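Down below is the structure, laid out as structure tokens.
Please treat every number below as a calculation from the coordinates, not as lab data. Everything quoted here is computed from the prediction, not taken from an experiment. Cβ coordinates were reconstructed from backbone atoms using ideal geometry, including for glycine residues, and neighbour counts include every protein chain displayed.
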Amino acid sequence: MARVYNFSAGPSMLPEEVLKTAAAEMLEYGETGQSVMEMSHRSKEYQAIFDQTEADLREIMNIPDNYEVLFLQGGASTQFAMVPLNLMTGSGKADYIITGQWANKAYKEAARYGKARAVASSADKTYSYIPKTKREDFDPEADYVHICMNNTIYGTKYHELPDTGDVPLVADISSCILSEPIDVSRFGVLYAGAQKNVAPAGVTIVIIRKDLIGKAMDITPTMLNYATHSENGSMFNTPPCYAIYIAGLTFKWIKKMGGLEEMKKYNENKAKILYDFLDSSRLFKGTVVPEDRSLMNVPFVTGSDELDAKFVSEAKKAGFVNIKGHRSVGGMRASIYNAMPTEGVQKLVEFMKKFEEENA
Ligand SMILES: *Cc1c(COP(=O)(O)O)cnc(C)c1O
């Protein structure tokens, strides 16, 4: 067996230790005589897995008690609708910052339910930077301000949060959750699909301030109402049991790695190896302004479509897979989430150096 270095933007690599534990527990979890996949979600064995998973997430992210943690389905894309359906019920207005395709999809969905306003955008330069905002830019009457914290496709990230005054900040953290510490108390809602940094696709994590629950629009489907899930411990219906179990294994792995402060150092070191090379290369060039660079998604180009295609194809043969950029940007993108080992990035850079010598 030869495992490749998988630079996929999502679904993406999981820690090998997590996969090994899952494999060892596949036929029998503990002494239950069954796989986690086969368990009743109402059983005490499964409830114990679920409770430990939530407790570990609360510990790792230092989630205050006045926040609810929900494990839902539907992906981050369903949150694009759930957020406005549940929150856009005071003034019926919400402000959005457009930093890429995901942010734009969230904005368009919100516009179906209320007065969504695009406050700022970086579309003018292919989303290669985070637009600066001031408190005065935001409507003080807005029910919330929405941002996409890490822009998976374009490789930008908020290193400083916008000042929204008293208006709750809502953030899509699908591609940066657990990559570094985050001050949960600065947000009204945080949400993330699991398939970038946590687990297989299927579970969506929502962290919501309790006072924001229970105000949904009348038209809100029962399944899209945060209250439905908070009142039922995320078990109103069958939760994505197995994905939640894998998330739990990932949380244990992060605790063993030393928590989010350590993950941050680890990720900064990994990203620096790649960015330092890009900044000194004669052939490859990063596409994002240095101050807004993501630790998780690193897009780069050679400047020639032909050479880009040749690089992607040779990289694949050498065991570096899924490194092609998003179809809307072209070039390459290396997604280096928590589970990507430092060695994977070092070897990629060695390979890039060799390619440069042969082609530049
Ligand atoms: C992947 C991604 C999404 C879409 O997630 P789904 O779970 O597929 O709906 C949304 N936002 C961001 C930032 C993403 O990276």
Q. Between Q47 and R117, what FRET efficiency follows from the Cβ-Cβ distance if R0 is 45 Å, with the result rounded to 0.05?
A. 0.55
Q | Straight-distance crosslink candidates among aspartates and glutamates, where the alpha carbon sits under 17 Å from K255 and sequence neighbours closer than 8 are dropped | A | E16, E17, D51, E54, D56, E59, E180
Q. Can you flag which of K285/K316; K20/K316; K252/K285 are past 30 Å Cα-Cα?
A. K252/K285
Q. How long is the gain from A23 to N237 if the chain were fully straight, where each residue apart is worth 0.36 nm and the alpha carbon distance is subtracted?
A. 74.4 nm
Q) In Å and whole numbers, how far do the C-alpha atoms of the chain stretch along each principal axis, longest first? A) 62, 58, 30
Q) Just for the Cα atoms in segment 160-239, what are the lengths along the principal axes, largest first, rounded to whole Å? A) 36, 34, 19
Q: Just subtract the alpha-carbon distance of K310 and D276 from 0.36 nm times their residue separation and send over the number in nm, one decimal.
A: 10.0 nm
Q. Going from the alpha-carbon gyration tensor of segment 259-359, what semi-axes, largest first and in whole Å, does one get by taking the root of 5 times each eigenvalue?
A. 22, 14, 13
(Q) For E16, project a label point 7 Å along Cα to C-beta. Then give me every residue of segment 326-360 with its amide nitrogen under 18 Å of that point. (A) 336-349
Q. Considering only segment 17-257, what is the antiparallel percent among its DSSP beta bridges, to the nearest 5?
A. 45 percent
Q | Candidate aspartates and glutamates - alpha carbon under 14 Å from K125, same-chain residues fewer than 8 apart omitted | A | D292
Q | 3J(HN,Hα) from dihedral phi, segment 54-63, Karplus parametrisation 6.51/-1.76/1.60, rounded to Hz, x for glycine, proline | A | 5, 4, 5, 5, 4, 5, 4, 8, 6, 7
Q | Per-pair calculated FRET efficiency, R0 = 35 Å: D183 and E141 via Cβ, rounded to 0.05 | A | 0.90
